[in-house]
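I have placed the structure first, in the form of structure tokens, so that the comments after it can refer back to it.
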Amino acid sequence: MQKNAPIGIFDSGSGGISVLRTALRMLPNERFLYYGDTANAPYGTKTEEEVIALAKNVAKRLLNAGCKALVIACNTATCAAAATLRAMYPDLIIIGMEPALKLAHDLRPEGDILVLATPVSLSSDKYRLLYTAYGAHAHSLPCPGLMDFVERGDIDSDELKAYLMDKLSPFLKDGRVPAAVVLGCTHYVFLKKTIASLLPEKTLVLDGNEGTVRQLGRRLSAQNLLSDHPAMQERVQLTTSGDSSALALMHRLLHLPE
Ligand code: DGL
């Protein structure tokens, strides 16, 4: 495998762009090929079998394009399909994501932890194990439809805030202050500011993007696959199964400040 080959990153749509943005900052010598499977989004309300089939297709596409590693920048696809992909490509570096519940638990061992994620993620075996280990104070909040706001380019409307308040308000009643809110879907990272604006200042809002990219760097380094010189070509190529408006949205989100 070539050190200077690109890293493949994918998601059901534009959520994984939040991971790509972090990866561009943390791994400055690397090039990335991004695939947003917008035509088949959302993944989070499909069956596990459907998500596995879609993830297999995307992985094949990125590997055919010569990627040296794969980042599943989607909690849903990781929960459903990471084990299948790792079994199919045992020698490949495959980095997945999971809701940052362990981080929330370590930083806030007491108090309510709210985990926002898709129905597929929250009903997966992978999440059940995580919850058993770190979920003593956690509440899992399935958010079907929340990623669609981001896919429409809406990251701060009143309609979005109403959706979020519907989920959050039971935990804010009578002066309750949640200890942490975990953004367990890469789309939600683009909603971080809006979500934080609805919460008490003390509540941490956490995602797993930095941890995921750190793990990618560690794995590449261990296999001597980190690029050894600054990228000579364009560092990012964005591709999608969607239309030109999906691509335009991905470009726009990539340039939002972290
Ligand atoms: N961005 C994806 C995740 O991290 C899921 C969105 C979806 O397709 O439902 O879970």
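Read the figures in this text as sums done on the coordinates, not as results from a lab. In this text the structure is predicted, and so the values were computed from the model without any measurement. Note: ideal-geometry Cβ built from the backbone for every residue, glycine included; neighbour counts use all protein chains shown.
Quick notes
- Matching residues in the range 107-128 - criterion: being surrounded by fewer than 17 Cβ atoms within 10 Å (Cβ to Cβ), in contact (Cβ under 8 Å) with a residue 40 or more places away in the chain and over 20 Å from residue 50 (Cβ atoms): 107, 110, 111
Okay, residues lined up against (1) of a type in the set (A, V, I, L, M); (2) within 30 Å of residue 3 (Cα to Cα):
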residue: 87; (1), (2): yes, yes
residue: 91; (1), (2): no, yes
residue: 96; (1), (2): no, yes
residue: 113; (1), (2): yes, no
residue: 127; (1), (2): no, no
residue: 136; (1), (2): yes, no
residue: 142; (1), (2): no, no
residue: 147; (1), (2): yes, no
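- Hits in the range 147-162 - residues which are part of a loop (DSSP other than H, G, I, E, B) and either of a type in the set (A, V, I, L, M) or more than 16 Å from the ligand (Cβ to nearest atom) (or both): 155, 156, 157
- Counted residues, the range 24-62 - those being among the polar types (S, T, N, Q) and under 24 Å from residue 218 (Cα atoms): 1
- Filtering the range 199-246 to residues that are touching a residue at least 60 places away in the same chain (Cβ under 8 Å), part of a helix (DSSP H, G or I) and either in contact with a Phe, Trp or Tyr (Cβ under 9 Å, 6 or more places away or on another chain) or not small (Gly, Ala, Ser) (or both) leaves 209, 210, 212, 213, 214, 215, 216, 219, 220.
- Remark: pairs (first residue in the range 129-152, closer than 26 Å to residue 254 by Cβ; second residue part of a helix (DSSP H, G or I) and small (Gly, Ala, Ser); Cβ separation under 8 Å; 6+ apart in sequence or on different chains) = 151/246.
- Filtered residue count, the range 86-106, keeping only those that are small (Gly, Ala, Ser) and either touching a Cys at 6+ places or on another chain (Cβ under 9 Å) or without any contact (Cβ under 8 Å) to a residue 40 or more places away in the chain (or both): 2
- Test: residue in the range 2-13 that is surrounded by fewer than 24 Cβ atoms within 10 Å (Cβ to Cβ), within 14 Å of the ligand (Cβ to nearest atom), of a type in the set (A, V, I, L, M) and closer than 28 Å to residue 244 by Cα: no
- Restricting attention to the range 39-82 and to residues that are within 11 Å of the ligand (Cβ to nearest atom) and of a type in the set (Ser, Thr, Tyr), the residue that is surrounded by the most Cβ atoms within 10 Å (Cβ to Cβ) turns out to be 76.
- Once the range 88-125 is narrowed to residues that are charged (D, E, K, R) and away from the ligand (no atom under 12 Å from the Cβ), the residue that is nearest to residue 214 (Cα to Cα) is 102.
- Those residues of the range 17-38 which are of a type in the set (A, V, I, L, M, F, W, C) and buried (at least 24 other Cβ atoms within 10 Å of the Cβ), in sequence order: 17, 19, 20, 23
- Qualifying residue in the range 25-34 (condition: part of a loop (DSSP other than H, G, I, E, B), more than 12 Å from the ligand (Cβ to nearest atom), aliphatic (A, V, I, L, M) and closer than 26 Å to residue 182 by Cα): yes
Here is a yes/no grid of residues against (1) aliphatic (A, V, I, L, M); (2) out of contact with any helix residue (DSSP H, G or I) (no Cβ under 8 Å at 6 or more places or on another chain); (3) within 23 Å of residue 104 (Cα to Cα):
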| site | (1), (2), (3) |
| --- | --- |
| 155 | yes, no, no |
| 160 | yes, no, no |
| 164 | yes, no, yes |
| 169 | no, yes, yes |
| 173 | no, yes, yes |
| 193 | no, yes, yes |
